[in-house]
Amino acid sequence: MQATEANFDGLVGPTHNYAGLAVGNLASQSHQAQASNPREAALQGLAKMKALHDLGMVQGVLAPLARPDLKSLRRLGFSGSDADVLAAAAKASPRLLAACCSASSMWVANAATVTPSADASDQRIHFTPANLASQLHRSLETEHTARILQATFNDSRHFVHHPSLPTVAALGDEGAANHTRLGHSYGEPGVAFFAYGSGGPGPEPSRYPGRQTLEASKAVARQHRLDQNRVVFAQQHPEAIDQGVFHNDVIAVGNLDTLFCHERAFYNQSQVLEALNACLDGGLKLIQVAESEVTLSDAVRSYLFNSQLLRLPDGRTLLVVPGECEQVAPVWQYLQALEAASPIIDAVQVFDLRQSMHNGGGPACLRLRVVLNEAEQAAFNQSTRMSETLYPRLVDWVERHYRDRLLPADLADPELMDESFTALDELSRILHLGSVYPFQR
């Protein structure tokens with residue numbers, strides 16, 4: 001069957017805020033305690049989804065999680081009414097409250113690892129929700145993310161949902177942010193490319209932790225019934241992690257037979273590239289950016305590589321980058337030259353995603369890639385597919401329910417909780433998700 005790569009973007013939740021929770025994420029830490037704009041954040045994300053839909057891409061929407069996470073707060077010893085729980089947590093541990101109110105599920109590149117049916121021995125699409133064990137606020141997402149994925153991809157004839165790996169540091173799994181799939185076409189068997197930051201034979205980073213472990217990558221490959229001859233494991237460069245490359249998708253992005261990366265993305269990079277090229281029968285198309293062209297720090301500052309590399313229906317290759325790339329002169333100069341002269345990249349498109357970027361997530365963070373053949377396209381929940389009717393309905397929903405200013409101190413406000421749950425209850429009906437949220441059960 002003909003197959004295509006669909007993008008399922010995370011819809012930003014009503015509690016989008018800048019609490020600076022993500023260790024090793026420089027943008028998140030540098031904007032800590034500043035005021036956020038949840039309404040603008042959600043509308044910026046929706047505008048990107050609609051633009052890609054207008055280009056003919058299959059574009060889906062993944063619903064946000066319910067926040068605050070009252071179940072976790074109660075497990076942590078806070079009791080009484082919901083308002084009492086919020087007040088007690090705010091007094092005893094504002095950081096715990098912030099972790100349980102985080103809207104970080106918007107970055108669905110961390111939601112799961114996905115294997116296309118062409119690569120799996122049972123010819124079904126496999127999902128493993130990431131355990132996100134390295135960060136408290138993200139580790140709380142796994143159970144609820146699995147529920148959203150199951151409501152979106154709900155036909156067992158085509159989709160297999162695995163349990164997440166045990167939530168321990170030795171099996172830290174960051175999902176598709178540390179995984180990509182390369183191949184000559186979407187419908188033929190491809191190469192699963194796993195990048196890990198810890199647990200391998202090479203040196204460990206010294207400043208920030210490597211979030212993805214080699215053992216976790218190997219376990220997911222086994223779960224998904226991958227042909228081990230078509231799997232490549234690569235270690236992230238420890239120096240890159242220590243400069244803020246907390247996920248591999250901050251320093252490399254691939255699509256079909258093309259890999260766009262910095263020359264310091266991987267440890268023993270030449271060997272990694274040789275292995276990928278061999279799996280692609282010598283057909284790897286490489287765009288490797290030298291430190292002399294764009295420094296590692298400028299790449300992290302601009303999120304140059306946290307971009308979307310897309311094959312459009314008309315056959316052109318589009319690179320989607322955040323607006324911050326225009327603000328870093330060497331990066332913008334590089335992109336202009338790339339667009340003018342590259343035989344691989346046909347066009348570069350810039351999107352304003354500053355609300356997400358201030359918390360450390362660019363275009364690639366906001367989407368989960370799912371390769372779908374014709375039958376699988378028809379089998380996923382069609383109410384979550386972006387369309388000419390869904391877009392204005394979601395814009396109206398955001399404008400009615402979201403605040404335009406939020407500070408971390410506002411997370412204790414029970415009215416914010418009520419607003420969020422009311423909004424998500426309506427959203428679950430718009431997207432036909434069923435009772436996926438804890439407050440609905």
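The values are calculated or read from the model by the stated rules, or taken from the named source; none is laboratory data. Please read all numbers here as calculations on a predicted model, not as lab measurements. Every residue, glycine among them, receives a Cβ derived from its backbone with ideal geometry; neighbour counts consider all protein chains shown. All accessible areas refer to the heavy atoms of the entire protein, side chains included, with ligands and DNA or RNA removed. Shrake-Rupley method; radii C 1.70, N 1.55, O 1.52, S 1.80 Å.
A cut-off under 11 angstrom between Cβ atoms defines the neighbours of ARG367, and their net charge, with Lys, Arg +1 and Asp, Glu -1, is -1. Computed extension gain for ARG222 through THR167, at 0.36 nm per residue and net of the alpha carbon distance, reaches 18.0 nm. Summed over the residues of the chain and divided among them, the accessible surface reaches 36 Å² per residue at a probe radius of 1.4 Å.
Percent relative contact order of the stretch 295-441, based on C-alpha pairs within less than 8 angstrom and at least six residues apart? Averaging sequence separation for qualifying contacts and normalising by length gives 17 percent for the stretch 295-441. Membrane-span-like helices in the chain (whole DSSP H runs, Cα extent of at least 20 Å along the helix axis, mean Kyte-Doolittle hydropathy of at least -0.5): 38-54, 414-430. You can think of it this way: the chain between HIS184 and GLU291 has 35.7 nm of extra reach, that is 0.36 nm per residue less the Cα-Cα gap. Applying a DSSP loop filter and a limit of 16 other Cβ atoms within 10 Å to the trypsin sites (Lys or Arg not before Pro) in the stretch 377-426 leaves ARG405.
Give the residue list of GluC sites (Glu not before Pro) in the stretch 351-408 that are DSSP loop and have at most 15 other beta-carbon atoms within 10 angstrom. Here the sparse-neighbourhood loop sites are GLU388. Set the Cα radius of gyration of the stretch 1-152 against 2.2 N^0.38 Å, with N its number of residues, and you get 1.17. Mean projection of the Cα convex hull over all viewing directions, computed for the chain: 19.0 nm². Scaled to the globular estimate 2.2 N^0.38 Å, the Cα spread of the stretch 80-206, given as radius of gyration, is 1.27.
By the rule of a C-alpha distance below 27 Å, with chain neighbours fewer than 8 residues away ignored, the lysines paired with LYS48 are LYS285.
Among the GluC sites (Glu not before Pro) in the stretch 274-370, those placed in a DSSP loop whose Cβ has at most 15 other Cβ atoms within 10 Å are GLU291. Taking every Cα-Cα distance in the stretch 183-301 and sorting them into 5 Å bins from zero, the calculated P(r) comes out as 2, 12, 21, 24, 21, 13, 6, 2, 0 percent.
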